[in-house]
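Below: one structure, written as structure tokens.
The values are calculated or read from the model by the stated rules, or taken from the named source; none is laboratory data. These figures come from a predicted structure and were not determined experimentally. As a convention, Cβ positions derive from the backbone with ideal geometry for all residues, glycine included, and neighbour counts pool all protein chains shown.
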Amino acid sequence: MNKIILLVALVLLICIPVTLSFGQDRSNASFKHKAIPAPDFSLQDLQGKTFKLSGQLGKPVVIFFGTTWCPSCRAEIPAYSAIYEKYARRGLEVIYIDINEPAEKVARFAKSNSFPYRVLLDRDGNVASNYNIVGVPTLVLIDKSGNVITISHRTSDLPLHKLFPAGK
């Protein structure tokens, strides 16, 4: 009798969670994506000019947060440049934000790596903090309305095709 009760309990322990999980994955279910506004900021670039994110409304923006000492940031530089070459002429604003490093060091780094895009200085790390950056490289893709589309650590994860469909 005890073996039957134990067997029934075991079957229930297995079947109930499995049964409850049916219908939980609705990958084709329609849902309304909640827009997350990108935190606005103003930073100086290497030439001392001010860049204000809210001044970019009407065009998509990709932000690369990085540092000069980060090996993964260095490895992604060719991909950053390729994104710039492919999408900047189509309206994508491409910026690199260096976190907590001296302007002279960042300028040497940008020059030695031939950055074609604008380099901004987050001297005190406040912008990185507002974006919850906990590691570099971190990439933030922002749509024309100023909403965050995605945050990633690799360029290959950026859904640029959503903003720039083929043939358009």
Given the criteria in contact with a Leu (Cβ under 7 Å, 6 or more places away or on another chain), modelled with pLDDT of 70 or more and part of a helix (DSSP H, G or I), does Val106 qualify?
yes
Picked from the stretch 76-90 (must be within 21 Å of Lys144 (Cβ to Cβ) and among the hydrophobic types (A, V, I, L, M, F, W, C)), the residue surrounded by the fewest Cβ atoms within 10 Å (Cβ to Cβ) is Ala88
Those residues of the stretch 111-162 which are part of a helix (DSSP H, G or I), surrounded by 15 or more Cβ atoms within 10 Å (Cβ to Cβ) and at pLDDT below 95, in sequence order
Thr155, Leu160
Testing Cys15 on (1) in a helix (DSSP H, G or I); (2) at pLDDT 95 or above, one condition comes back false. Which one is that?
(2)
May I ask you to list the residues in the stretch 91-109 that are more than 20 Å from Lys52 (Cα to Cα) and surrounded by 19 or more Cβ atoms within 10 Å (Cβ to Cβ)?
Phe109
Please enumerate the residues belonging to the stretch 34-57 that are under 19 Å from the mean Cα position of the chain (by Cα) and either among the hydroxyl-bearing types (Ser, Thr, Tyr) or assigned to a loop (DSSP other than H, G, I, E, B) (or both).
Lys34, Ala35, Ala38, Pro39, Asp40, Phe41, Ser42, Ser54, Leu57
